[in-house]
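The values are calculated or read from the model by the stated rules, or taken from the named source; none is laboratory data. Small disclaimer: the values here were computed from a predicted structure and weren't measured. Neighbour counts are summed over all protein chains in view; Cβ atoms, including those assigned to glycine, are modelled from backbone coordinates with ideal geometry.
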């Protein structure tokens, strides 16, 4: 267990309070593990521990240490903590060697200058003896966590000492080479990882995993006992931002990896996302989420190979080109001032900061060659309207789809490219603005999902046959160029134009609080003194909440202020743009004339729907605010939003410290492997060829680049606060740190708006007019629905989905359609399974129910790109293997279960053994220290079920908890499942 309460300190006489706090509270190390390994020292006894290796010649005749040693180490008498572990070279007996952290450290002596410098010596190692590594003693429950994590059996009889040490842990690790070893710098970090169930060894420094000179290095002797052939070592050092320190960490890591590989072991590198420095700092910052986050395969299991680590160090994967070198470099505020024209053919990459006239350069070319066949392809409908006028093209929505190929000059969204399939023509010039965002949208967006295969085929034809293709982006990267180059004629090389002019020079007020409340208070304060503001965010939900809050701004005002203002004076003029309204006629008109339309506004609110293709050049707003929740946008995309407004005004920015849904995979190879593994398993379960069934119609290069882009974006989003700040500095802006405070009043203000918004939505849906099925089906194909149409559409969907009268409670419960997905998953696991088939010799698997098999087959027939497949059969199989069908059958029949039931124990054991697979397939993290009923509750939550507990009289002196399903939840899902069954029967008997 991890301590969370300072009162737990009282039973440890060997450790004073501040040392206990440093380990247990500030580094998240298990209490018992800390007490086994750490000792508080002060006075003369400190010398006995730290200076034990000194020879007899270091002492006087009376046995006292010589004065030079007493003087050098006098500071340790004031106290500190000592940590030492077990000796791998002496049968795992206690080791004399250890390290001492003084409470009052000394300054470092500089050999060259023969003076003390400003650097302090934080840790003292015993002098006159080589450094060792620290194998910490572990209590039994830590051993059990490690065994569960790696599914390795423990010895039958384990001796527990009086102090609580479980003897034999490290010998057991040596005997099981399938257990990976994490090397980290420092004993506290090793203790933190052990607390989470990872096997970790503490090095006294980043260079101490290897010994010897650079040309002849070998693994540290203390690590040799664990270095059996095939064992995996994972190196996990600190996150750093200083260039010199980063270089040292890279060199130490790379050279240590080489010595591990020479031993015949595997070596990987785990990279902390930051901004926290060490793994213990990271775990502490995450708090209760730490167990989940570290075990999500997004840190340890997401470790890089040595080659990938080396590549990642020299290449910043989130932005910029490194593989391709500029053919033409300029430095100008406006491109048209220095570039006379573009090449007449080939693939051109145009890298130039926001607001430097990339679109104007293309418009100028359009003016020179008006008879050329020209295609402008984008990824946002309303912004394409704006570009269409500037580039003097037809807009696809005004052209009958059969005539799209006949248009001489056309602007079209990537989502609609498939409509051109029947009349493909070659173009003289294709222009793709914001090419990186375009590519992300093409490969990942749900709006392209149904036709992604056809879109890619059409795009490949168009790019291959175009005379000239221009990719424009302020942050154009290698992956984007690679993708389009793969579609061009063999042997073609891209022509890169790079403008080094930076559009920065702004003051950016940087907020570092745990939430955006202090920045919200600043928005309110500036509006109250008459400032006009633009606010951008990566969250549509936030924009809608802020609009609601600002329309009721009196919430933050004092009562005395309200008495002196009229209602008209209190009303702010607000305009918001987000995905629900961006295609409305009003917003299309607004965006077309945005430089004039803003003149009457106090506040402009914008989600990513206004993130590219629009320039607000006229001065109107006095400041820009950015609120980023690390949901879906990388740092470059956030910067795009901030720079829609070109005048140089102050910026106020807050970005969440951590993603709300956990850290995502950053290793492209592993992303690809997991996609193909799930596809292959589903293919086996639905009885089609496994190898061919793992892939769709996508080309190898398209899948590889798709995985690269996903990894790059994840890396940025995982640490958006640090990455965005780094980008803004790189762009030439000045960062002014505001602080990390929170504003409770502003937090309550936005929360009240959120509640009011939800309540109003549920009521409006309930009160909306009823529509019939035909109207609903027609609206599925509309580009835009009015607010009233959207409410009617939503009401029909909910009524038809659940077969119930629509009420505000049902609308809230539906949660935008999330609820029915859970009930469908429950319906699937309760359905009768198929037949038993042989997966491998000795391994039998049950095939899914017919309805699941048919769903997967239909999806593969409909969707030709393998990254779009849901793999329902694989998901079903995991739940079936967990025993959930048997458990649910009993509980839905009213049976009460305890956590000691064999089926519950088997479910928990399977969960721990296959935790990595459960994370990948069910997106659930199973920490190794969680009890069986907690694990069951996570699975039930995915099926819209929950339990309540009843305590019974004691059995054998213990009070037993009995769990049963909540009656209301059960009755609701059973009613919906029965309604769905009746609907299927009705469709089956309906005449075709």
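The table for this structure:
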quantity: Matching option when the condition is in contact with a helix residue (DSSP H, G or I) (Cβ under 7 Å, 6 or more places away or on another chain), crowded, with 21+ Cβ neighbours inside 10 Å and in a strand (DSSP E or B), among 430, 497; calculated: 430
quantity: Scan of region 92-105 for residues that are outside any strand (DSSP E or B) and either out of contact with any strand residue (DSSP E or B) (no Cβ under 7 Å at 6 or more places or on another chain) or crowded, with 20+ Cβ neighbours inside 10 Å (or both), ordered by number; calculated: 104
quantity: Residue check, residue 683 surrounded by fewer than 22 Cβ atoms within 10 Å (Cβ to Cβ), outside the structural domain of residue 449 (by TED's automatic domain parsing), part of a helix (DSSP H, G or I) and free of Cβ contacts under 8 Å to residues at least 12 places away in the same chain; calculated: no
quantity: Whichever residue in region 470-489 is in contact with a helix residue (DSSP H, G or I) (Cβ under 6 Å, 6 or more places away or on another chain) and part of a strand (DSSP E or B) and, among such residues, is surrounded by the fewest Cβ atoms within 10 Å (Cβ to Cβ); calculated: 472
quantity: Members of region 254-308 that are modelled with pLDDT of 90 or more, out of contact with any helix residue (DSSP H, G or I) (no Cβ under 6 Å at 6 or more places or on another chain) and buried (at least 23 other Cβ atoms within 10 Å of the Cβ); calculated: 256, 260, 268
quantity: Verdict on residue 864 being under 28 Å from the mean Cα position of the chain (by Cα) and touching a residue at least 60 places away in the same chain (Cβ under 8 Å); calculated: yes
quantity: Any chance residue 348 is at pLDDT 90 or above and either out of contact with any strand residue (DSSP E or B) (no Cβ under 8 Å at 6 or more places or on another chain) or buried (at least 19 other Cβ atoms within 10 Å of the Cβ) (or both); calculated: yes
quantity: Any hit, region 108-122, residues being at pLDDT 90 or above, assigned to a strand (DSSP E or B), touching a strand residue (DSSP E or B) at 6+ places or on another chain (Cβ under 8 Å) and under 30 Å from residue 226 (Cβ atoms); calculated: no
quantity: Selected residue (criterion: nearest to residue 484 (Cα to Cα)) from residues of region 357-391 that are out of contact with any strand residue (DSSP E or B) (no Cβ under 6 Å at 6 or more places or on another chain) and part of a loop (DSSP other than H, G, I, E, B); calculated: 379
quantity: Sole residue being assigned to a loop (DSSP other than H, G, I, E, B), surrounded by 15 or more Cβ atoms within 10 Å (Cβ to Cβ), at pLDDT 80 or above and assigned by TED's automatic domain parsing to the domain that holds residue 171, chosen from 89, 54; calculated: 54
quantity: Test: residue 232 is over 17 Å from residue 278 (Cα atoms), modelled with pLDDT under 90 and either in the same structural domain as residue 306 (by TED's automatic domain parsing) or surrounded by 14 or more Cβ atoms within 10 Å (Cβ to Cβ) (or both); calculated: no
quantity: Residues of region 767-786 that turn out to be part of a helix (DSSP H, G or I) and either in contact with a strand residue (DSSP E or B) (Cβ under 7 Å, 6 or more places away or on another chain) or surrounded by 12 or more Cβ atoms within 10 Å (Cβ to Cβ) (or both), as a count; calculated: 3
quantity: Qualifying residue in region 626-635 (condition: on the phi > 0 side of the Ramachandran plot, buried (at least 19 other Cβ atoms within 10 Å of the Cβ) and not assigned by TED's automatic domain parsing to the domain that holds residue 355); calculated: yes
quantity: Of all residues making up region 26-49, the number that are in contact (Cβ under 8 Å) with a residue 60 or more places away in the chain and either part of a helix (DSSP H, G or I) or more than 43 Å from the chain's Cα centre (by Cα) (or both); calculated: 6
quantity: Counted residues, region 189-245 - those being under 23 Å from the mean Cα position of the chain (by Cα) and farther than 29 Å from residue 141 by Cα; calculated: 3
quantity: Index of the failed condition, residue 17 passing every other in (1) farther than 19 Å from residue 98 by Cβ; (2) surrounded by 14 or more Cβ atoms within 10 Å (Cβ to Cβ); (3) at pLDDT 80 or above; calculated: (2)
quantity: Flag for residue 259 being in contact with a strand residue (DSSP E or B) (Cβ under 6 Å, 6 or more places away or on another chain) and assigned by TED's automatic domain parsing to the domain that holds residue 282; calculated: yes
quantity: One residue from 986, 917 being under 25 Å from residue 674 (Cβ atoms) and outside any loop (DSSP other than H, G, I, E, B); calculated: 917
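Residue by residue, here is whether (1) more than 22 Å from residue 228 (Cα to Cα); (2) modelled with pLDDT of 90 or more; (3) more than 35 Å from the chain's Cα centre (by Cα); (4) not in a helix (DSSP H, G or I) holds:
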{"site": "128", "(1), (2), (3), (4)": "yes, no, yes, yes"}
{"site": "132", "(1), (2), (3), (4)": "no, yes, yes, yes"}
{"site": "142", "(1), (2), (3), (4)": "yes, yes, no, no"}
{"site": "147", "(1), (2), (3), (4)": "no, yes, no, no"}
{"site": "152", "(1), (2), (3), (4)": "no, yes, no, yes"}
